[in-house]
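Here the structure comes first, spelled out in C-alpha cells, and everything after it is commentary.
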C-alpha cells in the first residue's frame with residue numbers, strides 16, 4: 001500500500017516539475033515581447049493570449065504536486081497541535097464533503113468544455129488568433145491528476161485513523177514540524193534555566209534545590 005501511495009506522489013511530482021518549465025517559457029516570452037515592443041516597436045497581438053494560457057497551465061498543473069507535498073494553505077497554528085487521528089478525521093471530512101465533489105465536477109465539466117472547444121476549433125479573439133482548444137484540455141487533465149492525488153490523501157487519512165500516525169510521504173518540501181518545534185522550545189527553556197542557575201550564588205542554588 002505504501003509503495004502505491006508513494007508512486008502516485010512521485011507521479012504528481014513529476015507532472016508538477018515538468019509543467020514548471022512553463023515558467024521559464026513565460027519569462028522568456030514576456031522578456032522578448034517587451035524588447036520587441038519598446039525597442040523594435042513591433043508588438044504582437046497574440047503574445048498576451050499566449051501568456052494567459054501558459055500561466056493558466058502552470059497554475060492548474062501545480063495543484064496535484066502541491067497536494068502531494070501537503071503544501072496547500074491550512075490553519076497550522078491550531079491544526080498542527082492536534083493529534084494525528086484528529087487531523088485525519090478533519091481532513092477526511094473535508095475531502096469527502098468538499099474536495100471530491102468539487103474536483104469531480106471540475107474534471108467532468110472541463111472535459112465537456114474541452115470537447116466542445118475542439119469540435120468548433122475554438123480560437124482566441126485577437127488580430128493574430130491562437131488555437132484555444134489545446135489549452136482547454138489542460139483543465140480535465142489537471143483535474144484528473146488532482147483527483148488521483150486526492151484519493152491517495154483520503155487513503156492516508158484512513159490509515160492514520162487506524163494506526164494513529166501519518167503514513168510516510170515522498171519528501172520534497174520541508175514543512176514546519178510541530179514536534180521538532182516543541183522540542184526546540186523545551187531545549188531553549190531548559191538551557192535558559194540552567195544558565196540562570198549557573199550564575200546564582202551557591203546558597204541560592206541549595207535553596208532552589
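Here are some notes:
- In plain terms, the chain from residue 35 to residue 119 could stretch by 26.6 nm, reckoned as 0.36 nm per residue minus the Cα-Cα distance.
- Residue order, fewest to most surrounding Cβ atoms within 10 angstrom, among 111, 32: 32, 111
- With kT/(6 pi eta Rh) evaluated at 20 °C and eta = 1.002 mPa s, and Rh the Kirkwood radius from Cα pairs, region 2-176 diffuses with a coefficient of 117 µm²/s according to Stokes-Einstein.
- When each of 60, 1 is scored by the number of other beta-carbon atoms lying within 10 Å, the sequence from fewest to most is 1, 60.
- Calculated FRET efficiency, residue 3 to residue 137, Cβ-Cβ distance, R0 = 35 Å: about 0.70 to the nearest 0.05.
Just so you know, all these numbers are worked out from the coordinates, no wet-lab data involved. Remember, it's a predicted structure, so these values are computed and weren't measured experimentally. Because the Cβ atoms are built from the backbone with ideal geometry, glycine has one as well, and the counts that use them run over all protein chains shown.
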